[in-house]
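J.: Please read through the structure below; I'll follow up with questions.
The values are calculated or read from the model by the stated rules, or taken from the named source; none is laboratory data. Fair warning: this is a prediction, and the values are worked out from it, not measured in the lab. So basically every Cβ, Gly included, is an ideal-geometry build from the backbone, and we count neighbours across all protein chains shown. These accessible areas exclude ligands, DNA and RNA; they are computed on the full protein's heavy atoms, side chains included. Shrake-Rupley method; radii C 1.70, N 1.55, O 1.52, S 1.80 Å.
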Amino acid sequence: MEQSPRGAGGPVEVGSVYVHAPFCVRRCLYCDFAVTVSATGDVDGWANALGEELELVQGEGTFALAARLETLYVGGGTPSLLGPRAMRSLGGLLGPERLSSSRLEWTAEANPESFTPGLAAAWRGAGVNRVSIGVQSFHTPTLRWMGRLHGPEGAEAAVHTARRAELANVSVDLIFGLPASLGRSWSEDLERALALDVPHVSLYGLSVEPATPLGRAVAVGREPAVDEERYREEFLEAAERLRAAGYEHYEVSNFARPGYASRHNAAYWDGRPYLGLGNGAHSYAHPVRRWNVRDWGAYRSRLASGVSPEEARERIDAEAAVLERIWLGLRTSRGLAMGGFGDQAAALVERWKQDGLAAVESARVRLTPTGWLGLDGLAVDLARASSAPGSRSEGANPARAG
Ligand code: SF4
């Protein structure tokens, strides 16, 4: 039977939209995102393709954009590579009315080397009000190893550029769990990030994916595998230092000063519907998740022929929905309401408390930073304990924090 994300009452209204900008000047060593290498990006090709996709989506009657969007997130890739016209073009496609809410959170990702004062001013003028900057590290050999184009001062300059353009709502990305041989001091990088005094920090643990240059180097022994102990220590050190500096660790990978938690990501974690536009973008409306072809050329040529870029979709069955609800609930500091999970689950959570993996407050279980390191395994254990009385809980596996 045809699987459709359409509810019985017609199109699902979405207040959160993700837009993918796939261009990067070169591919970083560890990157497995849907990226196409390009010196400048193709702003006109990008905007045309998005316009065509939007028209198809609106015509098919599955999703309906809310009259006023709550959140818009432009990620990549490197959105800042598309130059100053891109955000205004995107705003034109979505419609000024949809972007007119005073509550709209419009985030765009930038890499330091392409985040110029002119670009920042253009983004601000178009309506962008939150910038996520790919800093990753302040250590020059580490930045070179990763294949980044900026140096340590570039990252700091980008934060100042954002502030001067009245884009004070800045998030910086940092990566941890890198090989010891790089000589990178995680403590010093945290210190420099804290000195920037930005309202939001996201952490990404290094993950070695087989289809990346790093994955191939690890496979032939040219680079080491991730050192799990180092990964764990660095994550816990960051959690402690950011908390001490006044950031709330509000989600496994995210830290915010009061009032600055990402509202866009909250839509994912709360299981609300969202629309993804662009190559590789995912959309969700319970119980169906669907995603577009990853390759930029394939995405573009399908749309040029009037064909949907959707690659596949999956229907989330009842069992998967329970696991997903548990996993998403445990990701955030709000935690998971324990009502209805049963005695086995309560006993498991009691053991987590004793092991320092979780705390329970007002009948909600919240993982500690140590617990978050094992998020994936703990979620599976809790799903088993809640659905199969008598089933045994197995050990948690380390999860990537990113
Ligand atoms: S800048 Fe980001 S998206 Fe682009 S290649 Fe590097 S990690 Fe991937």
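J.: Using r as the Cβ-Cβ distance of residue 25 and residue 346, and R0 as 45 Å, what FRET efficiency do you calculate, to the nearest 0.05? The partial results should precede the final answer.
T.: Values: r = 52 Å, r/R0 = 1.16.
The calculated FRET efficiency here is 0.30.
J.: Probe radius 1.4 Å, ligands and nucleic acids ignored: give me the carbon and sulfur share of the accessible area of segment 245-402 as a rounded percent. Don't skip to the end; give the middle numbers.
T.: On the way: 3730 of 7330 Å².
About 51 percent, which is the carbon plus sulfur part of the accessible surface.
J.: A follow-up question, please. Expressed in whole Å with the largest first, what are the equivalent ellipsoid semi-axes of the chain derived from the C-alpha gyration tensor as the square root of 5 times each eigenvalue?
T.: 32, 29, 21
J.: Would you calculate, for the chain, the mean residue ellipticity at 222 nm contributed by helices, counting each DSSP H stretch of 4 or more residues as -39,500 (n - 2.57) and dividing by all residues, to the nearest 500? It would help to have the intermediate numbers written out before the result.
T.: Numbers: 14 runs with 151 residues, N = 402.
Calculated mean residue ellipticity at 222 nm is -11500 deg cm²/dmol.
J.: Would you mind calculating the gained length between residue 185 and residue 257 on full extension (0.36 nm times residue separation, minus the Cα-Cα distance), in nm to one decimal?
T.: Contour length minus Cα-Cα distance gives 23.5 nm.
J.: Enumerate the amide H contacts of residue 19 below 5 Å, restricted to partners 5 or more residues apart or on another chain; note that Pro and chain-start residues carry no placed amide H.
T.: 73, 74, 75, 277
J.: Now for a separate question. Would you work out which of 65, 101, 271 lies farthest towards the positive end of the dipole of the chain? Charges go on Cβ: Lys and Arg +1, Asp and Glu -1.
T.: 101
J.: How would you rank 35-41, 13-19, 128-134, highest first, on the average number of other Cβ atoms within 10 Å across their residues? Intermediate values should be presented prior to the final figure.
T.: Details: 35-41: 16.0, 13-19: 22.3, 128-134: 24.1.
Averaged packing, sorted descending, gives the order 128-134, 13-19, 35-41.
J.: Roughly how many Å is it from the Cα centre of segment 12-73 to that of segment 216-253, as a whole number?
T.: Taking the Cα centre of each part, segment 12-73 and segment 216-253 sit 29 Å apart.
J.: Report, in cubic angstrom per residue, the convex hull volume of the C-alpha atoms of segment 7-86.
T.: Working: hull volume 9.2 nm³, N = 80.
Cα convex hull per residue, to the nearest whole number: 115 Å³.
J.: Additional query: Extension gain residue 129-residue 376, at 0.36 nm per residue separation less the Cα-Cα distance, in nm? Don't skip to the answer; put the middle values down first.
T.: Working: separation 247, 0.36 × 247 = 88.92 nm, distance 3.28 nm.
My answer for the length gained is 85.6 nm.
J.: How much area per residue is accessible in segment 155-200 when the probe is 1.4 Å and only protein heavy atoms are counted (Å²)? Could the numbers behind the result be given before it?
T.: Numbers: 1700 Å² over 46 residues.
For segment 155-200, the solvent-accessible area averages 37 Å² per residue.
J.: No other cysteine beta carbon under 4.7 Å away is the test; run it over the chain and list who passes.
T.: So, 24.
J.: Suppose R0 equals 56 Å. What FRET efficiency, 1/(1 + (r/R0)^6) with r the Cβ-Cβ distance, do residue 217 and residue 67 give to the nearest 0.05?
T.: 0.70
J.: Run through segment 152-252 and list the trypsin sites (Lys or Arg not before Pro) located in a DSSP loop whose Cβ has at most 11 other Cβ atoms within 10 Å. Walk me through the numbers before you get to the answer.
T.: Numbers: sites: 163, 164, 184, 192, 216, 222, 230, 232, 241, 243; in loops: 184, 222.
Answer by residue number: 222.
J.: Let me ask another. I want to check the label-to-label distance for residue 359 and residue 233. Put each point 7 Å from Cα in the C-beta direction and report it in nm to one decimal.
T.: Each label point is offset 7 Å from its Cα along the Cβ direction, giving 2.6 nm.
J.: So what is the accessible area of segment 209-287 per residue, in Å², with the probe set to 1.4 Å?
T.: Numbers: 3560 Å² over 79 residues.
Ligands and nucleic acids excluded, the figure is 45 Å² per residue.
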